[in-house]
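Data first, discussion second: the structure below is written as structure tokens.
The values are calculated or read from the model by the stated rules, or taken from the named source; none is laboratory data. In this text the structure is predicted, and so the values were computed from the model without any measurement. Note: ideal-geometry Cβ built from the backbone for every residue, glycine included; neighbour counts use all protein chains shown. These accessible areas exclude ligands, DNA and RNA; they are computed on the full protein's heavy atoms, side chains included. Shrake-Rupley method; radii C 1.70, N 1.55, O 1.52, S 1.80 Å.
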Amino acid sequence: MKTSTRRLPATPLALAAALLTAFLVMFAPLSASAHDSLVASSPEADGTVETLPTELTLTFSADLIAGGNATEVVVTDPSGASVTSGAAAVSGATVTQPLTGEGPAGGYHVIWRVVSSDGHATSGEFDFTVTTSTVSTATEEPTAEPTAEPTATATATPEPTTTVGPDAGVTSAPEESTGSSASAWIWGISIAGIAIAVGVAIWLSIRRRRGTDTGAAAPDSDTPAGR
């Protein structure tokens, strides 16, 4: 008697492959874009302080990489003039940027760029408000010295003031370029994997059915002819 071997259907295998592919698509982009993030600042983002402080502090989720131009912070007043005083200092996960401590009331804009612990540059910006101006309004008038003959009054030509815009000194880093490229590759590989798994499942199903039909149509070789 001819014994037939029963094969397991290929559909569960294809389903398992599809689920694994979906898992990779969902969770791989998360690990690729997990850079250190800003968790606190003083002054707070969108917060209000009475006067402009002498320093700005930024606290991140992990220790940062310092050195060279890895860390840059620009703070501008309502007119767009910079109120930073010196370079930013990095200590672990904290960045300290000295400020002039003197500025008008109004909205201030902060732009920062750091290098995360994973070696990738990340940047951001936020605003805060100062309610009381600390700019001195008193001006001293020079005392004119007596002269024997009247002379023409010299008119001082004001020197142009360089205004540092909000984007001065800071080059925005493409944070998501690496993550976007990795996500595109993962999507492509995942779609190809699903297509291959479905194709293999269909091919195995058709082959199993043809084998079953052929076995049912062929006579049993163990049965003697003529009986």
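Points worth noting:
- Filtered residue count, the range 89-107, keeping only those that are within 18 Å of Gly124 (Cβ to Cβ), open to solvent by 30 Å² or more (accessible area, probe 1.4 Å) and among the small types (Gly, Ala, Ser): 1
Yes or no, residue by residue, for (1) at pLDDT below 90; (2) within 14 Å of Ala70 (Cα to Cα); (3) in contact with a helix residue (DSSP H, G or I) (Cβ under 8 Å, 6 or more places away or on another chain):
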| position | (1), (2), (3) |
| --- | --- |
| Val90 | no, yes, no |
| Thr96 | no, yes, no |
| Gly106 | no, no, no |
| Val114 | no, yes, no |
| Glu140 | yes, no, no |
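- Test: residue in the range 52-61 that is over 21 Å from the mean Cα position of the chain (by Cα), open to solvent by less than 40 Å² (accessible area, probe 1.4 Å) and of a type in the set (Phe, Trp, Tyr): no
- Pairing residues of the range 88-104 that are touching a residue at least 40 places away in the same chain (Cβ under 8 Å) and at positive phi with residues that are open to solvent by 40 Å² or more (accessible area, probe 1.4 Å) and part of a strand (DSSP E or B), at Cβ distances under 9 Å and at least 6 apart in sequence or on separate chains, gives Gly101/Glu55.
- Screening Phe128 with (1) at pLDDT 95 or above; (2) closer than 21 Å to Leu38 by Cα; (3) part of a loop (DSSP other than H, G, I, E, B) gives one miss only, at (3).
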